[in-house]
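The structure appears below as C-alpha cells.
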Amino acid sequence: MDVLKRALELGDPTGRMANVVMLGLLSTTAPFDVFPVELWLEALRLVNPRRAIWSANYAAFNAGRDMASRVG
C-alpha cells in the first residue's frame, strides 16, 4: 500500500500525513482492529486539536481505512 502517495493525493506536499494514513490502515488489521474507531479518532484529536490539523488527520485516517477496505 502506497500511503505516501495517498497522503500526497490528499494535498499534503510534505508527505507527513502518510503516518496517519498508515494508522487508518493498521486500525483495520489484527490486533489493532479490536479498538473502536472512535478511540482512534479521539487519540488523533488529542495529538493536535487545531481545526485544520484535525481535519487533515481525520481525512488521512479515513483514507487509510478506505485503502484497507479496497484490498479486503
Next on the checklist: Being farther than 17 Å from Ser69 by Cβ and in a helix (DSSP H, G or I) is the filter here; which residues of the stretch 6-23 pass it?
Outcome noted: Ala7, Leu8, Ala18, Asn19
Item to check | Residues located in the stretch 24-47, provided they are more than 11 Å from Tyr58 (Cα to Cα), in contact with a Phe, Trp or Tyr (Cβ under 8 Å, 6 or more places away or on another chain) and outside any loop (DSSP other than H, G, I, E, B) | outcome: Leu26
Item to check | Search result, residues across the stretch 23-71 that are under 15 Å from Met1 (Cβ atoms) and either small (Gly, Ala, Ser) or in contact (Cβ under 8 Å) with a residue 60 or more places away in the chain (or both) | outcome: Gly24, Ser27, Ala60, Ala63, Gly64, Met67, Ala68, Ser69, Val71
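Just so you know, all these numbers are worked out from the coordinates, no wet-lab data involved. Since this is a predicted model, take the numbers as computed values, not measurements. Cβ coordinates were reconstructed from backbone atoms using ideal geometry, including for glycine residues, and neighbour counts include every protein chain displayed.
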